[in-house]
Amino acid sequence: MGSKTKISIQQIKNEDVKTAVFSALELIDAQHLMQKDNMVVLLKPNLLMGKPAERAVNTHPEIVRAVIQWVNQFNPSKIYVCDSAGGAKPGITEIAMKESGIQDICEKEGVICIPFEKTEREIYEVKDALELKDISSSSLIREADLIINIPKIKTHWQCTLTCCVKNMFGTVLLANKAKTHAQAAILDRFCSALADIYSISKPQLTVIDGYYCMEGQGPSSGDVVKLDIVLAGYDGVALDSTVCKIIGFEPREILYLTKAEEKKLGTTDLEKVEIVGETIESVYRKFKRPKLKPISMPLPKWLADYIGKTIFKASVKFNKEKCKLCSTCWTNCPVNAITPPNEIKKGNIPKWDSKKCITCFCCVELCPHEAVKFKINYIKNAAFSWMGLGCVAFLALITMLILWLLP
Ligand code: SF4
Ligand code: SF4
């Protein structure tokens, strides 16, 4: 039992978030991390976009408040609450901080709430890189005595789940996130990039917001699930794996978890985990999956890239009724595949360039009005790709050869 990593699960009873967070942390003896004087503590919630708490898109402000209050008991010198929201538009993180209610909580608790992109930039070299040789992030990642990850349980169109490991993608500064999407457009490569990022920003402690979660078309357009739980632990990979079991997914189907395990950043083997507090069974609630099923391709990079750009290419559709021409999609597309219509007037929709699109899902994730839809027509894509044409030509050649050899 001694060498097992501890994970606590606590239920939130009668909306008492503070008691659940404090007891989850006590159950794993987290106070031992707070022994130093004048500590600088960095809290990293999930701040995807400007949506209110009840939409379950961002970490719930009451969870952030409870973690701040827990840290404050140990007289730290500074507490920072930081993130870099989805997309590349300047000011987008400030909007997310304000509209999520997290900025207000920080002001009331007297802590610093600042976008990562407004802090000093630092380039980190990645050891044993799977995809990214270096990462552009904040100097706070190095300066903080303690990093506490505060992710939220949500399904994710592209990666199936977003929680601990995926949340640290937000430590990459705005425009560099877009660059990462563009460089590692294929799921395998993007998941390798996530593991590389997690290896740099690896938090020492994690508190998971399982208060209001999201199922189905997450991370922004799914359905809200009030799960009423909090998890705490040290190993983000093991925590994500535990979350998988709670919501009826398999840890090994989440590609970035296998990549993170490959980099020795944690374990997906729940035999190596000691669960304290509630059991997985007692809080189990099967989540609806996202409609698109991610397909992993352990192929050479050039072939995976080719297949990703052809057979797995999505087509993006805009809903005329829902689109408010708010500009979020065209200002945040990492490869400028979306442009505004000729005239900004109701009934017009943005223009989409299929040749430029890298199927990164950012427009779907970030549209505040759920006006972007994705479709992947694998059969049509395969038929019209060079690979598809090559297969047809090959089959035709074989058929001709057989016919020629037949008496
Ligand atoms: S599709 Fe969505 S993000 Fe794009 S302009 Fe319309 S409302 Fe805004
Ligand atoms: S159009 Fe959408 S999916 Fe395609 S690259 Fe731009 S943001 Fe990504």
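At-a-glance table
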{"quantity": "Residue order, fewest to most surrounding Cβ atoms within 10 angstrom, among Glu54, Glu281", "calculated": "Glu281, Glu54"}
{"quantity": "Antiparallel bridge percentage (DSSP; both residues within the chain; nearest 5)", "calculated": "55"}
{"quantity": "For segment 109-218: rounded, prolate or oblate by the Cα gyration tensor [a/c cutoff 1.5]", "calculated": "oblate"}
{"quantity": "Distance from segment 14-63 to segment 219-278 (C-alpha centre basis), Å", "calculated": "17"}
{"quantity": "Among Trp404, Val41, Ser199 the positive-end extreme of the charge dipole of the chain (Cβ point charges)", "calculated": "Trp404"}
{"quantity": "Partner aspartates and glutamates for Lys351 [C-alpha distance under 17 Å; skip if fewer than 8 residues away on the same chain]", "calculated": "Glu321, Glu343, Glu370"}
{"quantity": "Residue with peak Gaussian network fluctuation, the chain [Cα springs, cutoff 10 Å], from Tyr212, Tyr378, Tyr234", "calculated": "Tyr378"}
{"quantity": "Cleavage-rule hits (GluC sites (Glu not before Pro)) in segment 89-174: DSSP loop, at most 10 neighbouring Cβ within 10 angstrom", "calculated": "Glu120"}
{"quantity": "Of Lys108/Lys264; Lys89/Lys345; Lys226/Lys355, pairs whose Cα-Cα distance is over 32 Å", "calculated": "Lys108/Lys264; Lys226/Lys355"}
{"quantity": "Packing-based ranking, highest mean first, of 317-325, 162-170 given that Cβ atoms within 10 Å are counted", "calculated": "162-170, 317-325"}
{"quantity": "Over the chain, relative contact order from alpha-carbon pairs under 8 Å, at least 6 apart, %", "calculated": "17"}
{"quantity": "Net length gained if the chain between Tyr378 and Phe74 were fully extended (0.36 nm per residue, minus Cα distance)", "calculated": "104.0 nm"}
{"quantity": "Simple Cβ-charge dipole of segment 5-283, Lys/Arg +1 and Asp/Glu -1, about Cα centre, in debye nearest 20", "calculated": "600"}
{"quantity": "Helix-derived mean residue ellipticity, 222 nm - over the chain, DSSP H n ≥ 4, -39500 (n - 2.57), to 500", "calculated": "-10000 deg cm²/dmol"}
{"quantity": "Gain on full stretching of the segment that runs from Ile398 to Glu321 - 0.36 nm per residue minus C-alpha separation", "calculated": "22.7 nm"}
{"quantity": "Lys, Arg +1 and Asp, Glu -1 on Cβ, resulting dipole of segment 39-154 about Cα centre, debye, nearest 20", "calculated": "260"}
{"quantity": "Unit charges at the beta carbon, dipole of the chain: most positive-side option, Leu325, Tyr80, Ala184", "calculated": "Leu325"}
{"quantity": "Vicinal HN-Hα couplings computed from phi for segment 75-91 (Karplus, 6.51 cos²θ - 1.76 cosθ + 1.60; Hz; Gly/Pro x)", "calculated": "6, x, 7, 8, 10, 9, 10, 9, 6, 10, 5, x, x, 10, 5, x, x"}
{"quantity": "Segment 5-283: C-alpha gyration tensor shape, a/c 1.5 cut-off, then a/b vs b/c", "calculated": "rounded"}
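Each reported figure results from applying straightforward, stated rules to the coordinates on display, with no laboratory input. Note that the structure is predicted; figures quoted are calculated from it, not measured. All Cβ positions, glycine included, derive from the backbone under ideal geometry; neighbour counts span all protein chains shown.
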